[in-house]
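Here the structure comes first, spelled out in structure tokens, and everything after it is commentary.
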Amino acid sequence: MPPLPLRTSAHASLVPALVLVLLAGCAVGPAPSPTPGASDRETSASTSGAVGQVGAAPAPPPAGAGLDYQLGGAYPPPDGVTVVVRDVTDSPAGAGYDVCYVNGFQTQPGESETWLRDHPDLVLHDDGGTPVADPGWPDELLLDTSTDAARREIAQVVGAQVDACADAGFDAVEPDNLDSFTRSDGALTRDDNLALAALLIERAHARGLAIGQKNTVELGGRGPALGFDFVVTEDCAVHDECSDYAAAYGTRVLEIEYDDGPALAERLASACARGASVVGRDRDLARPRDPGYAFASC
């Protein structure tokens with residue numbers, strides 16, 4: 001199974017990040033020096049003219065681009081980076097192509113109580129009436145995608161975040177935890193989650209945003225057939241899944257390889273040879289001046 005999906009900075013790991021080892025063929029970027037007086041939330045707009053325009057045809061991320069994955073907090077992209085993924089609470093980097101992260105199938109850290117208060121019927125409960133949490137992220141609750149009515153309500157709540165991504169100037173959206181059905185003890189199915197995904201795809205496309213499948217290699221070609229425009233993968237080289245994603249999406253792949261796995265330089269070089277946009281990062285997704293920060297490209 002792939003590693004636990006990454007979240008925003010509220011999910012900083014308690015395990016110290018390993019030091020990134022310089023390997024042949026792998027360039028490790030130094031911590032960029034922020035512009036004096038600049039905040040982490042840049043105000044630069046995306047360069048895509050399709051953003052936020054209802055009915056505009058969304059463009060997927062460019063193939064083989066310099067990539068950075070900044071869910072641990074925004075910072076000026078390293079030299080050569082033109083595709084940046086940031087949380088919905090951050091502003092676009094404006095370096096070329098901006099992807100907006102939202103938690104599409106589980107509650108966001110710190111928002112579980114709000115969901116239980118305002119939308120209790122949209123949170124999955126077990127037979128005893130206890131909300132079902134993600135075992136790896138116990139502050140996240142699974143959303144109940146098992147009925148059409150619930151899916152449509154969830155799509156309205158999460159859809160407001162999709163709208164926020166478009167309004168902020170992002171080019172695309174990455175809804176996380178498409179694979180929540182694998183953690184539901186059979187209460188949810190793959191088709192349940194794909195039905196919700198179809199509603200989020202419709203919402204994103206209506207706002208001119210491309211939308212990416214997150215992990216979930218078992219979908220095969222069903223992801224692009226449903227309407228996903230690209231895929232975001234984590235450690236696909238470690239788990240021997242990259243060829244499956246390439247079969248479904250070609251070079252429309254954003255690949256994150258973490259520095260606590262083996263042979264990082266070789267994994268990055270392989271991704272570049274396939275035409276994927278790839279980055280090597282520390283698993284905590286730290287910012288440049290934080291302990292454990294690592295960034296590598298091929």
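The values are calculated or read from the model by the stated rules, or taken from the named source; none is laboratory data. Quick caveat, the model's predicted, so the values are computed rather than measured. Every residue, glycine among them, receives a Cβ derived from its backbone with ideal geometry; neighbour counts consider all protein chains shown. These accessible areas exclude ligands, DNA and RNA; they are computed on the full protein's heavy atoms, side chains included. Shrake-Rupley method; radii C 1.70, N 1.55, O 1.52, S 1.80 Å.
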Would you say VAL217 is free of Cβ contacts under 8 Å to residues at least 24 places away in the same chain and of a type in the set (Val, Ile, Thr)?
-> no
Enumerate the pairs (first residue in the stretch 79-104 and closer than 20 Å to GLY64 by Cβ; second residue anywhere and part of a strand (DSSP E or B) and small (Gly, Ala, Ser)) with beta-carbon separation below 6 Å, excluding pairs fewer than 6 apart on the same chain, so at least 6 apart or on different chains.
-> VAL83/SER277; VAL99/ALA172
Working only within the stretch 90-110, note down all residues that are acidic (Asp, Glu) and either open to solvent by 20 Å² or more (accessible area, probe 1.4 Å) or part of a loop (DSSP other than H, G, I, E, B) (or both).
-> ASP90
Limited to the stretch 111-131, what total is found for residues that are assigned to a loop (DSSP other than H, G, I, E, B) and acidic (Asp, Glu)?
-> 3
Is it the case that the stretch 69-89 has a residue that's more than 21 Å from the chain's Cα centre (by Cα), open to solvent by 40 Å² or more (accessible area, probe 1.4 Å) and over 30 Å from ALA271 (Cα atoms)?
-> no
ALA164: farther than 14 Å from LEU142 by Cβ, part of a helix (DSSP H, G or I), under 18 Å from the mean Cα position of the chain (by Cα) and not polar (S, T, N, Q), yes or no?
-> yes
Which of (1) of a type in the set (Gly, Ala, Ser); (2) on the phi > 0 side of the Ramachandran plot; (3) open to solvent by less than 30 Å² (accessible area, probe 1.4 Å) is the odd one out, the single condition ALA150 does not satisfy?
-> (2)
